[in-house]
Amino acid sequence: MTEAQKQELKKRLWAVANILRGRMDADEYRDYILGFIFYKHLSEKIEDYANKLLRKDKLAFTEIKERTADGKAYLKALEKNTVEGIGYFLPPSRLFKTMAERSGLEKDPKSFILDDLGKVFETIEKSARGTDSEGDFDQLFEDIVLDNSRLGRDPKMRNDIIGRILRELNGISFRQNEASGDILGDAYEYLIGEFAAAAGKKAGEFYTPQEVSTVLTRLVCSANGGVKKRLKSVYDPTCGSGSLLLRFGREVNEVGQYYGQEMNRTTYNLARMNMILHDVSYRDFNLHCDDVIRHPAQEYFDERFEAVVANPPFSAKWSPSQVFKNDDRFSSFDLPPASKADYCFVLHMLHHLADRGIMAVILPHGALFRGASEGRIRTQLIEQKNWLDAVIGLPANVFYGTSIPVCLLVFKKCREAEDDILFIDASQGFEKVRNRNILRDADVDRIVDAYRDRKARKRFARPVPLKEVAANDFNLNIPRYIDTSEPEEEIDLKATAQDLKRIDKDLQNNAKEIAAFCKELGIAPPV
């Protein structure tokens, strides 16, 4: 797919989103547009899958007559096979294209599709119940509220709006091949990013900008100066829409299993859709919906992951009761303060980090130098555990949800560089685009290259001995270790002295001229 074709696709997708823009906020119409794209994907996927199964019978999926005895027999057999193979089932009469075509029938009772559309979503969810894929499809469409008055004041208006969206999407092809690449995945990521930009502060709940995700994943994929080709498992405890997890699929050849947790139910639904849209099998991802600090997923609480990443909510409040002192995640450390849960997420992630794994987490800058219990936790992580591998300062205003400067901490439980911590100041490497600072490809490369070669780079990177960090009471504020100020220009004393002599001579000549002029006028010269 050419760049021009990609841009045209994005333009058409955003035009579809504009159908609802103005009727509701971006974080609300996002759920409809992405949900219908997901429904289109499921329809196309099951049609392709069923057609392969029916090839030996020389029958197409959409040719099955659903009301006949033969048709019912075919559908029963297909349902068993498709649920086992791809996790769900839909009959031909409830495919996306069928519903889209029906919605365009002028003055035909069949053109009213809202009720049947609700049944479509129920069919998908019910088909997975009692199977291994149940958790991945349960209540997946709950955020697509078809009787929402914002869509229109009466059912007919709502039906017209939904029908228009379906018909517009039906005219866009997402089917892909090796030459075209991941069209649907790219389109979905594009839309999530655009919705995040439109949602403003609310976007921080569900989206990490792609260039920041790239930095995190490329750092975590680093291995002894090289790049890991395969990861057995990746984990994000605050996974949002799942985009950060899925970025690993672009950085390595294979990811064995994706794990994640997300507290917001709507965002959790987005993450599940995102996984399936990127052709991650329901068998290969395990996402959980709940508060990861208070209620971590028990089915993998004792699992250790090769790659751990997160962009957790900054300085969130929590309740540090003494119960947590008996929690395996926190029992060896001081408890973070109630007003700031930043180190709760760090300690939770470290609990899940494998001995030979790598972890990267985004935190507000204050986590580098705040005192009290957070200072003691830093001391424990560095002096007692020696797990902190790198501290990286990123520019301010790189996120949609906040404009504050942030840092990126990299942890390893078995570090190759045991005697120092790498500090990188990348706070000035960005391009301002509209109201946000963007990390360019060159900025990302510079950070990752500096981490991998671990050498001093003037005013940018420096491996700092642990003794020096200890001498600074484990304060990790980057300017303590990297001087980014530009050197002052040296003064040429000889040239300056000559200039002063010339100035003095000019002043003396001026004084003589003034005195002569005053004498001609017969007045006293000025003192």
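Listed values, structure above:
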{"read-out": "Mean separation of Cα contacts under 8 Å, 6 or more apart, over the residue count of segment 1-110: relative contact order %", "value": "21 percent"}
{"read-out": "Carbon/sulfur fraction of accessible area - segment 253-382, other protein chains in place, 1.4 Å, %", "value": "45 percent"}
{"read-out": "Shape box of segment 215-320 [Cα atoms, principal axes, largest first, Å]", "value": "41, 29, 25"}
{"read-out": "Accessible area per residue in Å² at 1.4 Å probe, computed on segment 215-275", "value": "30 Å²"}
{"read-out": "At R0 = 35 Å, FRET efficiency that the Cβ-Cβ distance of ILE404 and ARG129 yields, to 0.05", "value": "0.20"}
{"read-out": "More than 24 Å apart - percent of Cα-Cα pairs taken over segment 318-430", "value": "26 percent"}
{"read-out": "Segment 321-453, relative contact order [Cα under 8 Å, separation at least 6], %", "value": "21 percent"}
{"read-out": "Charge dipole magnitude, Cβ of K and R +1, D and E -1 - the chain, Cα centre, debye nearest 20", "value": "660 debye"}
{"read-out": "Candidate lysines - alpha carbon under 30 Å from LYS340, same-chain residues fewer than 8 apart omitted", "value": "LYS201, LYS202, LYS317, LYS325, LYS385, LYS412, LYS413, LYS432, LYS467"}
{"read-out": "Relative contact order, percent, the chain [alpha-carbon distance under 8 Å, six or more residues apart]", "value": "10 percent"}
{"read-out": "If the convex hull is drawn through the Cα atoms of the chain, its volume per residue in Å³", "value": "260 Å³"}
{"read-out": "Reachable lysines, given that their alpha-carbon falls under 22 Å from the alpha-carbon of LYS52 and they are not under 8 places away in the same chain", "value": "LYS40, LYS65, LYS72, LYS76, LYS80, LYS97"}
{"read-out": "Peptides 4-17, 135-148 ordered by average Cβ neighbours within 10 Å, highest first", "value": "135-148, 4-17"}
{"read-out": "The chain - mean residue ellipticity at 222 nm from DSSP helices (-39,500 (n - 2.57) per run, n ≥ 4, rounded to 500)", "value": "-13500 deg cm²/dmol"}
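The values are calculated or read from the model by the stated rules, or taken from the named source; none is laboratory data. What you are looking at is a predicted structure, and each value in this text was computed from that prediction instead of being measured. Cβ: placed from backbone, ideal geometry, glycine included. Neighbour counts: every protein chain shown. Just so you know, the surface numbers come from the protein's heavy atoms only, side chains and all, with ligands and any DNA or RNA stripped out. Shrake-Rupley method; radii C 1.70, N 1.55, O 1.52, S 1.80 Å.
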